[in-house]
Amino acid sequence: MTDKEGRAAAEAHRRRARALRDEGRAAEAERAELDALAASSGDPELLEAGRALLRSRTEEAEALLRPYLERYPDDAVAVRMLASAAGIVGRHDEAEALMRRTLALAPSFTAARADMARILYQQGRTGEALDELDVILERDPGDVPSLALKASLLVETGGFEDALAITELILERFAGEPQIWMSYGHLLKTVGRTDEAVAAYRRALALRPAQGIAWWSLANLKTVRLDSKDVAAMERTGADSRLGEVDRVHLHFALGKHYEDEGRIEPSFAHYAAGNRIRRRLVPHDPAAVTRFVERSEALFTAEALAPAGRGCPAGDPIFLVGLPRSGSTLVEQILASHPEIEGTMELQDLPRLAQRLGGGERGYHEALLAMDGSGLRSLGESYMSSTRIQRRSGRPLFVDKMPNNWLHVGLIHLILPNARIIDVRRHPLGCCFSNFAQHFERGQEFAYDLGELGLYYRDYVGLMRHYDRILPGRVHRVLHEALVEDPEAEVRRLLDHVGVKFDPACLRFHENRRAVPTASAGQVRRPINREGVERWRPFEAYLDPLKRALGPVLDCYPAAPEV
């Protein structure tokens, strides 16, 4: 069949499908739509556009797709590809509109509906994304890609048990896939089934011994130590020049943790440093952009600009935990979530997404936010409350949003949610920063892969929080990790007073709380409070001079902030 004949056949199938739908003959219309999709999928112009999309050359793809759609405006395959191009470059509204057009043309186009779910999720509309997946799974309960995507989205909304059940269903059919065993291990770790998580990671390694993430996942359990056979296997794998960079990074961090546990500081730091060097090459970071954002916040978010309070959404439900990762925020979250009036959720992306929509980048959103009247600020706060509702599962009146990097957005929180509580969890700069350096993050935390950049980030954080302490005294409650470890009851009472709830002894028995904990500290917060890790950095001090120089006076002043 020639290209011309193929396009004519596709167009004929589309016309037939429309006619059948108009007559209410849905099953026959669906078959005609699928025939049209099959006919279009081999079109050489669309194949060329598809190759451009695979290489993320969106301009080239659009240059091919737009003229094609002028000739064949109802070609659902082409409309879906144009939606994908818009999504790749972040034009989410356009991508959504085009994908809705695709589904209007071909309601049974399963791949497009899955794409629609991803587009909605990227906009923070996870509930709607799950609804789209349920449409697919109602038609085909065994659609594995849709089941896997649903499990991922359930994880994002705290539905860990449901995600576990779906993953177990997938494993019944694909027990030989190491990546599925990895996902299963992560879920088991999150819900506290540590022994089963270890077994799942071991199964993944049996299927693919060079899977670096499985080795790191074992080491990252914190409560599991790798033995000599494990280390020999990792060293052999690491010596293979064919090993990919991502696997190599994970291996370096896993070996760093092993040698640290053994007290062999020199090889431990060498592996941590090697893993961070590779990660820095793969993940860009601009420390100056963070500094400029902080400087603009200090210049524009003045006491006058942030007053009068009370112009935003009056909801008092959220408790924001801010600071740096590895500061002890998961411990504070677990303490709060053990109170009968407070629900723990997870590291929510809702506020960063809201900030991005307002105006991301180094200039930030400051002017746009300050130009809003009370109605606009209230609308933003209500948008946050609406998008986080899917995380609320217990009916408790308060909930925790533990996204450490929201320290950048304290001014935004104050304006749009004036009754929200804000808690800054702070740890000694050398302890906090080294712990970040020794932790491999799967995503985000771009500042964490260089000791000097870590010091600059911590310094910017302390500077901005000092600014808010001055202009909004008492607005932010500070929890010092070391003080919490030394006198838990006194610090927990202070914390709960700030939140506005009565002291409950369950908060001191946080380790008995069986809630899911989807962070690297999951194993640690299931044990009673202890000093383990408080001075983890000390054996590595000889290697930390770049960090000390970057921290400058912030290091000498801790726990106070330097005057400027």
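The values are calculated or read from the model by the stated rules, or taken from the named source; none is laboratory data. Here the structure is a predicted model, which means the values were calculated and not measured. For neighbour counting, all protein chains shown are included, and Cβ atoms are generated from backbone atoms with ideal geometry for every residue, glycine included. For the accessible areas, the whole protein counts, side chains as well, though only heavy atoms, and no ligand, DNA or RNA atoms are used. Shrake-Rupley method; radii C 1.70, N 1.55, O 1.52, S 1.80 Å.
Rounded to the nearest 20 debye, the dipole magnitude of the chain is 520 debye, with +1 charges on Lys and Arg beta carbons, -1 on Asp and Glu beta carbons, and the Cα centre as origin. Remark on the stretch 117-258: Rg and Dmax equal 16.8, 50 Å (Cα only).
Tell me, what % of the accessible area of the chain is carbon and sulfur with a 1.4 angstrom probe? Accessible surface attributable to carbon and sulfur in the chain totals 52 percent.
Restricting things to Cα coordinates, could you compute the convex hull volume per residue of the chain in Å³? Don't skip to the end; give the middle numbers.
Values: hull volume 97.8 nm³, N = 564.
Output value, Cα hull per residue: 173 Å³.
What's log10 of I(q)/I(0) for the stretch 327-440 at q = 0.15 Å⁻¹, Debye sum over Cα points only, no solvent? These q points yield log10 I(q)/I(0) values of -0.76.
Give the shape of the stretch 1-71 as rounded, prolate or oblate, defined through the alpha-carbon gyration tensor: a ≥ b ≥ c are the square roots of its eigenvalues, a/c under 1.5 means rounded, and otherwise the shape is prolate if a/b is larger than b/c and oblate if not.
Values: a/c = 2.55, a/b = 2.11, b/c = 1.21.
Prolate, because a/c is 1.5 or more and a/b exceeds b/c.
Is the shape of the stretch 427-493 rounded, prolate or oblate, going by the alpha carbon gyration tensor and its root eigenvalues a ≥ b ≥ c, with a/c under 1.5 for rounded and a/b larger than b/c for prolate? Oblate, since a/c reaches 1.5 and b/c is not below a/b.
Leaving out ligands and nucleic acids, and using a 1.4 Å probe, what accessible area per residue does the stretch 311-461 come to in Å²? Walk me through the intermediate numbers first.
Values: 4410 Å² over 151 residues.
Computed with neighbouring chains in place, this is 29 Å² per residue.
For the stretch 197-293, the calculated P(r), taken from all Cα-Cα distances in 5 Å bins from zero up to the bin holding the longest distance, is 3, 13, 22, 24, 16, 10, 5, 4, 2, 0 percent.
What accessible area per residue comes out for the stretch 48-179, rounded to a whole number of Å², with a 1.4 Å probe? Spell out each step's value before the answer.
Numbers: 6020 Å² over 132 residues.
Spelled out: the 1.4 Å probe surface of the stretch 48-179, per residue, equals 46 Å².
Going down the table (Lys229/Lys257; Lys150/Lys402; Lys222/Lys257), which pairs top 18 Å between alpha carbons?
Details: Lys229/Lys257 15 Å; Lys150/Lys402 23 Å; Lys222/Lys257 9 Å.
In this structure, Lys150/Lys402 exceed 18 Å between Cα atoms.
The distance separating the Cα centre of the stretch 155-180 from that of the stretch 237-279 comes to 29 Å. Taking amide H positions as modeled 1.01 Å from N, with prolines and chain starts lacking one, the residues under 5 Å from Met403 and 5 or more places away or on another chain are Leu321, Leu348.
Per residue, the convex hull spanned by the alpha carbons of the stretch 317-392 comes to 104 Å³. For the stretch 1-96, the list of trypsin sites (Lys or Arg not before Pro) that fall in a loop by DSSP and count at most 15 other C-beta atoms within 10 angstrom reads Arg25, Arg55, Arg57, Arg91.
Going through the DSSP H helices of the chain, which span 30 Å or more along their own axis at the Cα atoms while scoring at least -0.5 as a mean Kyte-Doolittle hydropathy?
Values: long enough: 451-471 (31 Å, -0.37).
The answer, listed by residue number, is 451-471.
Electrostatic tally near Arg549: other residues with Cβ closer than 13 Å to its Cβ, Lys and Arg +1, Asp and Glu -1, net -2.
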